[in-house]
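Novice: This is the structure I want to talk about, given as structure tokens.
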Amino acid sequence: PWNMPPPQRIAVLGAGPVGLEAALYARKLGHRVHVYERGQVGDHLRQFAHLRWFTPWKMICSPLAAQHLQQLRRGWTLPWDTAPTAREIVEHLLEPLACSPLLEPCLHLGVRVVGVGRSGLLKTDLPPRHRRAGTPFRLLLQDREGRQWCEEADVVLDCTGTFGRPNPLGEGGISAPGEQECEPFIQRGLPDVLQAQRPQYAGRRVLVVGGGYSAATTVVALAQLVQQEPGTRVWWATRRVPPEREGPLRRFCPDPLPLRDQLAQAANRLACASWPIAYLPGLRVDRLRRTPRGVEVTLIGRDRQVLEVDTIVSNTGYRGDWSLAEELHLHQCYATQGPIRLAASLLKETSPDCLQQPQTEADVLKTPEPGFFVLGAKSYGRNSQFLLRQGWRQVRDVFRLLHGDPRLDLYQPKTVETGTPPHE
């Protein structure tokens, strides 16, 4: 029923939730697809497998993925209103999709995309003299043994995410003096402090840096550890000074995501108490210095404090790695580092609630480089409000552009099977 161009060679970078969704959508439409993933399927999710997401399954698993898995596995379903852990997302959604006959032949695991260019063209070759749209992409690939080779593609979908590139700790968004030297003492991400990584934190002096939900998750877990393991000390430093009688985490009342509100309440209570953690608002990391007993951290802002700690948990956010596409024509937002057209649309949205996302047009996904699209969390740059259901819409919109048909929508099947999640 849709405008069907000749099958195109589509390269998908990353085998996370959005990368596999894009590959599934492309394969359903008959395109030739190759998915390149430097690690395992859902590699970034595996790094914080213990964490439970705020959003339920119905906002994580698309109707297309659900129907595909139902066709392969009789009785397959998910508890749609329940929020899964990252491990459950990998085990119950990503791995089954990756192992399906439609996608398994397309996957290239342990293959890193080193760079993407245009065959026969340089960044300085501008249209209309040089027609970039009619020239295939050239991808430099590298396997785990270091062997390199090149492949070509007509379309590239960059779904590499942001979790592989955490932000620095230092004041002004750059590394603090001494940060590189102290790297062995810095945990970037969301550690499992109550289970797998407990020995690294029990009885230790820990500084958590960051003012968002990731930092709150770490602090709430560490507060439990303090009560269970005497001798554990925790400080929590945030740049922002919350309004009087409010905590550092914003609440949305009523909150349609109960787990988000539970976390905000717990973190705010801890910030207002003197124990089991010490809250340090309005302070930023100025410098780090190794000592015989750990790391000396100098904090500046409302006042100046010097702490000596054993471990620093950096929850300062993430940014995408754009180096692999530096030879292409891409225009980034000056504020978020996301693709400029989408970023401009998102910057118009003033709501701090990730559920209140603007309904963007498909055209905002276009970049100055024809056939190159950035999807998923990386498309939001440093804006942390991306949700996976936004990723479905991006996938749908990209194929509407590629097929030249604004009606194309594989998320609106003619029949809805029992157990398929409600279309959001």
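The values are calculated or read from the model by the stated rules, or taken from the named source; none is laboratory data. Note that the coordinates shown come from a computational prediction; the quantities given were computed from them, not determined experimentally. All Cβ positions, glycine included, derive from the backbone under ideal geometry; neighbour counts span all protein chains shown. Areas reflect the complete protein model, heavy atoms only, side chains present, ligands, DNA and RNA absent. Shrake-Rupley method; radii C 1.70, N 1.55, O 1.52, S 1.80 Å.
Novice: Of Val241, Val295, which has the most accessible area and how do the rest follow, probe 1.4 Å?
Specialist: Final ranking, largest accessible area leading: Val241, Val295.
Novice: Let me ask something else about it. Express in nm, to one decimal, how much length is gained between Glu349 and Glu296 on full extension, taking 0.36 nm for each residue of separation and deducting their alpha carbon distance.
Specialist: Computed gain between Glu349 and Glu296 is 15.1 nm.
Novice: For segment 82-158, max minus min Cα coordinate along each principal axis, in Å, sorted largest first?
Specialist: 54, 33, 23
Novice: Which FRET efficiency value, to the nearest 0.05, is calculated for Gln224 and Glu181 with the Förster distance at 41 angstrom and r the Cβ-Cβ distance?
Specialist: It comes out at approximately 0.85.
Novice: If you don't mind, another one. Over the chain, what is the relative contact order in whole percent, taking alpha-carbon pairs under 8 Å and six or more residues apart? Numbers along the way, then the final one.
Specialist: Numbers: 835 pairs, mean separation 81.3, N = 424.
RCO, the chain: 19 percent.
Novice: Ignoring ligands, DNA and RNA, please state the percent of accessible area on the chain from carbon and sulfur, probe 1.4 Å. If you can, show how the numbers build up before the last one.
Specialist: Numbers: 9840 of 20160 Å².
Roughly 49 percent, rounded to a whole number.
Novice: Counting each DSSP H run of 4 or more residues in the chain as -39500 (n - 2.57), what helix-only mean residue ellipticity at 222 nm follows after dividing by all residues, to the nearest 500 deg cm²/dmol? Write out the running numbers ahead of the final one.
Specialist: On the way: 9 runs with 90 residues, N = 424.
After summing the helix terms and dividing by residue count, I get -6000 deg cm²/dmol.
Novice: On a straight-distance basis, which lysines could pair with Lys378 in a cross-link, Cα separation under 26 angstrom, same-chain partners fewer than 8 positions away excluded?
Specialist: Lys28, Lys58, Lys123, Lys348, Lys366
Novice: Another one. Answer with a single label: of (i) 31; (ii) 25; (iii) 55, which was calculated as percent of Cα pairs over 36 Å apart from the structure in view?
Specialist: (i)
Novice: Separate question: Can you give the extra length, in nm with one decimal, that the chain gains between Gln195 and Arg245 once fully stretched, where that is 0.36 nm per residue apart less the Cα-Cα distance? Working shown, then result.
Specialist: Values: separation 50, 0.36 × 50 = 18.00 nm, distance 3.33 nm.
Difference between extended and current length: 14.7 nm.
Novice: Ratio of alpha-carbon Rg to the 2.2 N^0.38 Å globular estimate for segment 292-424, to two decimals, please.
Specialist: 1.44
Novice: Where does each of 370-380, 393-403, 192-202 land if you order them by average Cβ count within 10 Å, highest first?
Specialist: Ranking, from highest mean packing down: 370-380, 393-403, 192-202.
Novice: Find out how many positive minus negative residues lie around Ser314, taking Lys and Arg as positive, Asp and Glu as negative, among other residues whose Cβ is under 12 Å from that of Ser314.
Specialist: Here the charged neighbours net out to -1.
Novice: Got a sec? Charge dipole of segment 1-75, +1 on Cβ for Lys and Arg, -1 for Asp and Glu; which of Ile10, Leu72, His50 is way out at the positive end?
Specialist: Positive-end residue among those listed: Leu72.
Novice: Now, a different point. With every protein chain kept in place and ligands, DNA and RNA left out, what is the accessible area per residue of the chain? Probe 1.4 Å, answer in Å².
Specialist: It amounts to 48 Å² per residue over the chain.
Novice: Right, another one. Once the other residues with Cβ under 10 Å from the Cβ of Arg165 are scored (Lys, Arg +1; Asp, Glu -1), what is the net sum?
Specialist: In short, +2.
Novice: Say each of Tyr334 and Glu152 gets a label point 7 Å from the Cα, pointing the same way as Cα to Cβ; how far apart are those two points in nm?
Specialist: Computed distance between label sites Tyr334 and Glu152 equals 4.0 nm.
Novice: For segment 333-377, build the convex hull from the C-alpha positions and give me its volume per residue in Å³. Walk me through the numbers on the way to the answer.
Specialist: Values: hull volume 3.8 nm³, N = 45.
In segment 333-377, the Cα hull volume divided by residue count equals 85 Å³.
Novice: P(r) of segment 1-75 in 10 Å steps, Cα pairs, percent per bin?
Specialist: Whole-percent P(r) values from 0 Å outward: 16, 39, 35, 9, 1.
Novice: Now for a separate question. With +1 on each Lys and Arg Cβ and -1 on each Asp and Glu Cβ, and nothing else charged, work out how big the dipole of the chain is about its Cα centre, in Debye to the nearest 20.
Specialist: Its charge dipole is roughly 260 debye.
Novice: Sticking with this structure for a sec: If you average 1/r over every pair of different alpha-carbon atoms in segment 146-232 and take one over that average, what Kirkwood value in Å do you get? Could you put the intermediate results ahead of the total?
Specialist: Values: mean 1/r = 0.0624 Å⁻¹.
Radius from the Kirkwood sum: 16.0 Å.
Novice: Next question, about the same structure. Using only the Cα atoms, work out Rg/Rh for segment 25-153, with Rh taken as the Kirkwood radius, to two decimals.
Specialist: Dividing the radius of gyration by the Kirkwood radius yields 1.07.
Novice: To one decimal place, what Kirkwood hydrodynamic radius in Å is obtained for segment 160-199 from all pairs of distinct Cα atoms? Intermediate results must be reported in sequence, preceding the final value.
Specialist: Values: mean 1/r = 0.0835 Å⁻¹.
After inverting the pairwise mean of 1/r, the radius is 12.0 Å.
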